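So the structure is just underneath, and the comments pick up after that.
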Amino acid sequence: MQGTGPDADIVISSRVRIARNLLGHPFPMLATNQQSQEVMERLTSVGNSGRLNEIGRFETIPLSDLNELERRVLVEKHLISPNLANESRCGALVLSDNESVSIMVNEEDHLRIQCLYPGFQINEAWELASRIDDIFEEEADYAFDERRGFLTSCPTNVGTGIRASVMMHLPALVMTQQINRILSAITQVGLAVRGMYGEGSEALGNLFQISNQITLGQSEHEIIDNLHSVAKQIIEHERAARERMMQQESRVRLEDRVFRSYGILSHASIMDSKEAAQRLSDVRLGIDLGLIRDVSPQVMNELMVLTQPGFLQHTFNEKLNMDQRDIRRAELIRQHLGRKSDHGGV
Amino acid sequence: MICQECGKRPATLHFMKNVNGEKTEFHFCESCAREKGEGLASPASGFSIHSLLSGLLDFETPGGVGGLSAKPQALRCDNCGLTYGQFSKMGRFGCSNCYDQFGDKLDPILKRVHGNTVHVGKVPKRSGGQIQLKREIENLRHELHDLIGREEFEHAAKIRDRIRELERSVAET
Ligand SMILES: [Zn+2]
Ligand SMILES: [Zn+2]
């Protein structure tokens, strides 16, 4: 994720996932090994047929080729679900070379097409996912019912089979304590919110994912439009809250918080994942507000991913216990912030 | 806040769900959330907590929503073998045929999850063409029936031929 794209100061990423199944085959949960194998061959053959070339270069990766750590890294990069990582039975990933398209085979459904764009590009993500869907549909018979739409393993996905979401960074709404009111308003209009919280009520990293909850009885267009317009409003609220914080006497407190976090990230030797998430959020806000100019937002986005446990182990290529992870995490952050020499004996 | 599942670890993941104005909150620790397949790392998997769904389904079964068939548990999909009872425990279908087999029993569940029961979105191009044809055949059959009832046999014969024609193209595709 490059930290680019429209409204990238607030929307980290936009994602659309489409769930599809093949006609007549039992869903992965009940399928025998042989049945799963058949589905995998059928779907990866479409993936390898060259039809996807018009979209990009794709690679097919059987999950059985990957070790536990490699799978975990894919999970942390949001390219596969934990579900697929755990139940590797004949699962596969068809991945585009820029990693914006990941196609999961034999997850909860036979086929899950996922498009992930940086910034606020939910329409673009839907259009691409739908194009890929059309390509698979030309060569594979989908389980589709006139009344119920696309038939999925879970009743929460039936109909369009689409899950659209935007990941938003909302520090100012959290700091000004408007967030709960806004989140509860969001759930009133058929959207779901997921936040990752620390103890108390403060969201970890101030990251919130907003997604559609309904997949049946609304067209894909309505679903995407609804999410788009709600996200747009949240962006405006967050911007307004940031501006107000910068204008009032609260500015000095905000600056203090941003620079304090920047200082700690640049110099700390031990950093747990919770603190890292919060400090990275502060610095990211500082960059977006123009308070910090010598760090790029891309670096911040990278760090949000890189500092997660699986990634850390992968980066350092060894098994790490929790204390070691906290030390490595601090080290990694210092390096990325260009403070490598601070602990090298100046 | 303590995890509502294990009652031991602090709750670090908070979910809100709103079904037709009825709000429910969930507070889980990471490990319980992961067990529920709801780790934050899987936003793509959308919002579906198995236990919630299965609670919802259990709620539907005892009284029998339709009230007509006494033992919905005895319902079994003849393609994959999943029973309605298993379905309501797992909150998952075994195959696409289950949707037919469990039939109208699903309406109240879908209504609660989505507020709707009928798809209005995208239709696959290939099998979707078939759906259009079948729909047309269905309409023509009704028309044929009416025409015969009114003893308009000449017109009925034309409709019959048209139906045959369409049925051939359905069979061919
Ligand atoms: Zn727990
Ligand atoms: Zn079945």
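Restricting attention to segment A:255-274, which residues are open to solvent by less than 60 Å² (accessible area, probe 1.4 Å), aliphatic (A, V, I, L, M) and closer than 11 Å to A:ARG329 by Cα? Walk me through how you get there before you give the answer.
Start the filter on segment A:255-274 by keeping residues that are open to solvent by less than 60 Å² (accessible area, probe 1.4 Å), which leaves A:255, A:258, A:261-266, A:268-269, A:271.
Subset that is aliphatic (A, V, I, L, M): A:258, A:264-265, A:268, A:271.
Of everything in segment A:255-274, those that are open to solvent by less than 60 Å² (accessible area, probe 1.4 Å), aliphatic (A, V, I, L, M) and closer than 11 Å to A:ARG329 by Cα turn out to be A:LEU265, A:ALA268, A:MET271.
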query: Of these, B:LEU82, B:LEU75, which one is open to solvent by less than 40 Å² (accessible area, probe 1.4 Å), of a type in the set (A, V, I, L, M, F, W, C), on the phi < 0 side of the Ramachandran plot and within 16 Å of ligand 2 (Cβ to nearest atom)?
result: B:LEU82
task: Kindly indicate the residue of segment A:209-234 that is touching a Lys or Arg at 6+ places or on another chain (Cβ under 8 Å) and either at pLDDT below 90 or at the interface with another protein chain (Cβ under 7 Å from one of its Cβ atoms) (or both) and also surrounded by the fewest Cβ atoms within 10 Å (Cβ to Cβ) among those meeting that condition.
output: A:SER219
query: Is it the case that some residue within segment A:36-47 is touching a Gly at 6+ places or on another chain (Cβ under 8 Å) and either under 28 Å from A:GLN308 (Cβ atoms) or at pLDDT below 90 (or both)?
result: no
task: May I ask you to list the residues in segment B:98-149 that are more than 8 Å from every other protein chain (Cβ to nearest Cβ), surrounded by 18 or more Cβ atoms within 10 Å (Cβ to Cβ) and within 16 Å of ligand 2 (Cβ to nearest atom)?
output: B:CYS98, B:GLN101, B:PHE102, B:LYS105
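Using the structure shown, decide if A:HIS336 is in contact with a Leu (Cβ under 6 Å, 6 or more places away or on another chain), within 22 Å of A:LEU207 (Cβ to Cβ) and either at pLDDT below 90 or open to solvent by 70 Å² or more (accessible area, probe 1.4 Å) (or both).
On the way: in contact with a Leu (Cβ under 6 Å, 6 or more places away or on another chain): yes; within 22 Å of A:LEU207 (Cβ to Cβ): yes; either at pLDDT below 90 or open to solvent by 70 Å² or more (accessible area, probe 1.4 Å) (or both): no.
No: the conditions fail for A:HIS336.
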- line: The condition from (1) part of a helix (DSSP H, G or I); (2) without any contact (Cβ under 8 Å) to a residue 12 or more places away in the chain that B:LYS122 misses is numbered (1)
query: So which residues in segment A:296-329 are touching a helix residue (DSSP H, G or I) at 6+ places or on another chain (Cβ under 6 Å) and in a loop (DSSP other than H, G, I, E, B), if there are any at all?
result: A:THR307, A:GLN308, A:LEU320
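What are the residues in segment A:86-95 that are at pLDDT 85 or above and not in a loop (DSSP other than H, G, I, E, B), if any? Reasoning before the result, please.
Here is the first cut: in segment A:86-95, the ones at pLDDT 85 or above are A:90-95.
Residues satisfying the conditions are A:ALA92, A:LEU93, A:VAL94, A:LEU95.
Given A:GLU138, A:GLU249, which one is away from chain B (no Cβ under 11 Å), out of contact with any His (no Cβ under 9 Å at 6 or more places or on another chain), open to solvent by 40 Å² or more (accessible area, probe 1.4 Å) and more than 30 Å from A:ASN301 (Cβ to Cβ)?
On inspection, the qualifying residue turns out to be A:GLU249.
The values are calculated or read from the model by the stated rules, or taken from the named source; none is laboratory data. From a predicted model like this one, the values you see are computed outputs, not experimental measurements. Methodologically, a virtual Cβ is constructed for each residue, glycine included, from the backbone with ideal geometry; neighbour enumeration extends over all protein chains shown. Ligands, DNA and RNA are stripped out before the accessible areas are found, and what is left, the full protein with its side chains, is counted by its heavy atoms. Shrake-Rupley method; radii C 1.70, N 1.55, O 1.52, S 1.80 Å.
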